[in-house]
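Each remark here refers to the structure printed beneath this line.
Computed from the coordinates by the stated procedures, all read-outs in this text should not be read as laboratory data. In this text, all values refer to a predicted model and were calculated from it rather than measured experimentally. Here Cβ is always computed from backbone atoms with ideal geometry, including for glycine, and neighbour counts include all displayed protein chains.
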Amino acid sequence: PKGHRFAVDSLWSDADTASVLAHFVTAIKAAPSPMSFAIVSPGSGHGTQTGDAAFSRIGRHFGAIYTVWQDEAKDADQMAWLRAAMDAAAPMKAGIYVGYGDIDLPERRDEVHSAAVAARLSVLRSKYDPKGLFGAALRTRQVRAA
């Protein structure tokens, strides 16, 4: 919403549906902002084969938590809550979706691609982006002001 700040983090999961939903319900109950929300898209188990695509992490379920607030002074609190909520989901995570991932944290970047695809991308980066110009995009802030 205009004039608001927001951040998002996500997960792919192969855990049972009830566990994924329970995690997101618990997280939202503890949200420091009443405007925060979560989405969970239960999957069918089909379409989990990604081959050698760069989009190489997927799971039966997808979930994302959005924290939304207005006061810039609350950025640290909002991000701490979001990160704690997603850290608590670690045992059920199969990866994250890069478009909704907290890639400000270097360890989160490792959750975007499978090991095989990450290695392949590393070779391509060395060849086509040896100075790391495109890597700068990974260092941008996730907090956005509308």
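A few comments on the model shown:
- Between A73 and K2, the simple spin-label model (points 7 angstrom out along Cα→Cβ) gives 2.6 nm.
- Taking packing as the residue-averaged number of other Cβ atoms within 10 angstrom, the listed peptides 77-88, 123-134 run from highest to lowest as 77-88, 123-134.
- Between V123 and T26, the simple label model (points 7 Å from Cα in the Cβ direction) yields a spacing of 4.1 nm.
- Per-residue 3J(HN,Hα) values for region 66-83, derived from phi via the Karplus relation 6.51 cos²θ - 1.76 cosθ + 1.60 with θ = phi - 60°, read 10, 9, 10, 7, 10, 7, 4, 5, 9, 3, 4, 5, 5, 5, 4, 5, 4, 5 Hz in sequence order (x marks Gly and Pro).
- For R57, nonlocal amide neighbours, meaning residues 5 or more places apart or on other chains whose placed amide H falls under 5 Å from its own, are S114.
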